[in-house]
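Written below as C-alpha cells is the structure these notes are about.
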Amino acid sequence: MGYRFSDLTAACQDDWRAHIEHDFVRGLAEGTLEEGAFRHYLKQDYLFLIHFARAYALAAYKSRTLDDLRQAHEGLKAIVDLELGLHVGYCRDWGISEADLAELPEARATMAYTRYVLDTGNRGDLLDLHVALAPCLVGYGEIADWINARPGTVRGDANPFEAWIAMYESEEFQAARRAEEAWLDARLKDVTPARFAELTQVFRDATRLEIDFWQMGLDRAD
C-alpha cells in the first residue's frame, strides 16, 4: 500500500499532539494568551518566514522535475511577494514597525528550527526538505482545524487573535496545506521502510523544534 503523510503523524503522535495543542495555541484559541508573548512570537515568525523563503529557494535548486520547480517557485513567490507583506502589516497592527522587524535579533529557538530545516534540505533530497517543513505548513492548517473543533474556542471581536486564526483557516491556506499533503503522499508511497524510518526522524525533530518555537513565544525567550 505504501506510506502516507498520516503515517508520519501517527509515528510521532505524542510530539505531533504537543505541537498542535500547545499552551500557546490554546491561549490563541481562548483569547487568553498574554499579548507580550504574542508580539514576541510575531517578531520571530517574521524571521522564520525569511528563512522559509530561503528553504523554497533551496527546494527549487533540489528540484528534478519542472512540476517541482514550479511548485518551489510559487512557494517562494507567495512568501516574498505576499505573505511577508501581510505579516509586516499584521505586525504594524500590533505596534511592531517594519524598522523594529529589520533590527530583530534571532531567538535561539528560531535559529535552531530554521537552520535545522535548511541543513536537512542541504544534506538530504527534496523529500527530506518537505518533511522538515511539514510541521509548519501542514501543522498550522491542522491547528486551525483543532481550534475550531474546541468547545472553549472564542471567535470574533471577543478574541484579540481572531485575525491570526482566520488566516490559517482561510481557503487559500487550507488549499496550500492540502496540496502539500498530496505531494507528500505521492512521494511517500514509494519509499522503503528504512527510508520511512529516516523521514520519521526528520519529521519528529522538526516537530519538536516547532514545539520549542511555541514555547519560545510563551516564555518570550531570547
Query raised in the report: How big is segment 97-222 by the Kirkwood estimate over distinct Cα pairs, in Å?
Result: 16.5
Query raised in the report: What value, in deg cm²/dmol to 500, does the helix sum -39500 (n - 2.57) over DSSP H runs of n ≥ 4 give at 222 nm once divided by the residues of the chain?
Result: -25000 deg cm²/dmol
Report summary line: Working note, segment 51-100: Cα radius of gyration (Å, one decimal) and Dmax (Å, whole number) are 13.8, 43
**Report entry** Exposure proxy ranking, count of Cβ atoms within 10 Å, fewest first, for S63, S170
**Finding:** S170, S63
Query - Order of L69, L49 - criterion: other Cβ atoms within 10 Å of each residue's Cβ, fewest first - result: L69, L49
Report summary line: Rounded to whole Å, √(5λ) for the Cα gyration tensor eigenvalues of segment 1-158, largest first, gives 27, 22, 14
Report summary line: Taking only the Cα positions of segment 161-222, the convex hull volume per residue in Å³ is 95
Report summary line: Residues F173, F213 in order from fewest to most other beta-carbon atoms within 10 Å are F173, F213
Query raised in the report: Which shape class applies to segment 1-63: rounded if a/c is under 1.5, otherwise prolate when a/b exceeds b/c and oblate if not, where a ≥ b ≥ c are the square roots of the Cα gyration tensor eigenvalues?
Result: oblate
Query raised in the report: Over the Cα atoms of segment 90-145, how large are the radius of gyration and the largest Cα-Cα distance (Dmax), in Å?
Result: 14.7, 40
Query - Environment charge of F5, counting only residues whose C-beta is closer than 13 Å and scoring Lys/Arg +1, Asp/Glu -1 - result: 0
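Bear in mind that the values in this text are calculations on the coordinates, not laboratory data. Since we're looking at a predicted model, the values are computed, not measured. Here Cβ is always computed from backbone atoms with ideal geometry, including for glycine, and neighbour counts include all displayed protein chains.
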